[in-house]
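Only one structure is covered here, and it is reproduced in the block below.
The values are calculated or read from the model by the stated rules, or taken from the named source; none is laboratory data. Note that this is a predicted model, so its numbers are computed, not measured. We place every Cβ from the backbone using ideal geometry, glycine too, and count neighbours over all the protein chains shown. These accessible areas exclude ligands, DNA and RNA; they are computed on the full protein's heavy atoms, side chains included. Shrake-Rupley method; radii C 1.70, N 1.55, O 1.52, S 1.80 Å.
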Amino acid sequence: MRNRARLLSSPVNCFFPFHAIYLIAACLYGGDLRAADSTVDDERVAADLLPATVVAYAEAPHLGDEVELIVRHPLRKKIESMPVVTSVLSSADVLPLRQGLDAFEASMGKPWNEAIASLTDQGVHVALDSKTEGAVLLIKSSSRDQLESFRGFILALAQLGNGNFGIAKQGVYRGFTAYALNDNLKMALLDNWFLLTNKSDLGKSIIDRYLDGSHDSFSASDTFASAMRAAGDASAKAYVDLDAIRDAGVAEKLYSGKTDNIAAEALLGGILANLQETPYLTSEMTFAPEGVQWTLSTPHEHQWAEGREYFFGENGNASAPPLLEIPNRIFATSGYRDLSQMWLRAPDLMTDKANEDLAKAETNLTTFFSGRDFGEDILGSLRPEIQLVVGNQSFDAERPQPAIKL
């Protein structure tokens with residue numbers, strides 16, 4: 001099962017001088033007990049370092065490329081020049097963001113987009129572990145110097161946030177120095193890896209695998225490996241082990257199979273049906289000059305769709321129509337939804353409270369449509385191939401031009 005949506009990039013960028021964090025960062029960080037070259041090479045991937053008990057994982061293999069695409073996108077200047085955007089960017093509410101951006105640039109010694117590109121040139125990875133109930137961020141870079149600069153920046157932010165400008169609390173585990181950013185967050189550099197976690201045991205297990213290797217790693221999961229291969233060369237991709245989450249009894253309401261409102265049912269009803277049975281879920285996001293494509297996928301069996309054939313089609317092989325190409329397209333999404341069948345089956349698909357609200361709405365809609373039944377007569381006249389397309393409106397030069405054009 002796959003859902004897709006496309007929207008054009010709309011970045012915002014601004015620069016203001018600010019060097020306080022850089023000055024603190026320059027004084028804070030020192031080297032690890034283990035010596036490292038300014039550039040190092042390590043062929044292992046993040047999954048090799050993560051425990052087998054990881055239940056959710058996301059990665060952006062080449063974040064710098066996507067940032068550069070957004071920065072150079074022609075839509076950027078157009079959005080920045082809009083009066084409403086200019087007003088927001090000049091407000092005091094975004095001042096801390098502007099100052100933080102300048103501090104990051106000062107610490108890294110280069111513009112923010114170039115810094116992100118060099119800092120993350122070998123991938124950014126996030127994972128959630130069920131055993132330790134911890135989260136971890138792993139950044140891999142070919143430049144040790146950039147990792148050390150980033151470590152200094154993070155330490156400086158932590159010191160400013162805590163109001164404590166002394167030496168950060170440190171600990172050593174198997175030759176690597178770990179810094180305590182607060183009572184929970186710990187940070188360390190493993191040669192060309194940056195590690196940030198909220199659970200010390202999770203961080204230690206990653207260091208153990210880094211030094212010793214282990215067959216008991218996340219990369220040993222055949223399900224994870226095949227799911228990532230299916231995701232292809234996406235700009236960003238994620239994996240969620242739904243079997244493990246269901247077994248742990250987490251978010252049981254999500255697996256009840258019922259939704260709270262008709263809009264949620266129309267958008268996600270089929271996914272909710274799958275969540276009760278499917279072993280895993282993957283998501284991919286691909287950036288391109290013409291827009292961003294997002295895909296959500298789960299393994300699917302026809303019997304899981306019982307009661308929700310409106311979402312998958314009677315034979316389970318329904319598909320969304322191709323996206324329409326229009327000038328100045330900003331957003332587009334398509335899907336297969338037999339809305340009439342969804343409406344008529346709502347009592348079995350939605351919660352009691354939602355059905356009460358739906359009954360009231362149906363009374364009003366029947367009156368509005370001169371006594372015609374909304375589910376059978378009105379929605380029944382629509383085909384199940386549905387699209388929503390949003391475009392940038394153009395205005396005739398001979399007529400008055402509005403200040404804000406949507």
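By the helix-only formula, in which each DSSP H run with n ≥ 4 contributes -39500 (n - 2.57) and the sum is divided by residues, the chain has a 222 nm mean residue ellipticity of -10500 deg cm²/dmol.
When peptides 229-237, 93-101 are ranked by their average number of other Cβ atoms within 10 Å per residue, the highest-first order is 229-237, 93-101.
Take the Cα of F331, step 7 Å along the line toward its Cβ, and report every residue of region 378-406 whose backbone nitrogen sits under 15 Å from that point. Answer for region 378-406: 387-393, 406.
Taking semi-axes √(5λ) of the Cα gyration tensor in Å as calculated from this structure, the corresponding entry among [x] 39, 27, 19; [y] 32, 25, 21; [z] 44, 30, 19 is [z].
For the set K186, K353, the ranking by accessible area, highest first and with no ligand, DNA or RNA atoms included, is K353, K186 under a 1.4 Å probe. Counted by Cβ distance under 12 Å from A168, the other residues give a net charge of +3, where Lys and Arg count +1 and Asp and Glu count -1. Surface calculation, 1.4 Å probe, protein heavy atoms: M82 sits at approximately 50 Å² accessible. Which shape class applies to region 50-90: rounded if a/c is under 1.5, otherwise prolate when a/b exceeds b/c and oblate if not, where a ≥ b ≥ c are the square roots of the Cα gyration tensor eigenvalues? Since a/c reaches 1.5 and a/b is larger than b/c, the shape of region 50-90 is classed as prolate.
Measuring r between the beta carbons of A220 and S370 and using R0 = 45 Å, the FRET efficiency lands at 0.10.
When both region 132-148 and region 349-406 are represented by their alpha-carbon centers, they are found 47 Å apart. Each peptide in 299-305, 355-361 was scored by the mean count of other Cβ atoms within 10 Å over its residues; highest first, the order is 299-305, 355-361.
Heavy-atom accessible area with a 1.4 Å probe sorts R246, R209, R151, R399, largest first, into R399, R246, R209, R151.
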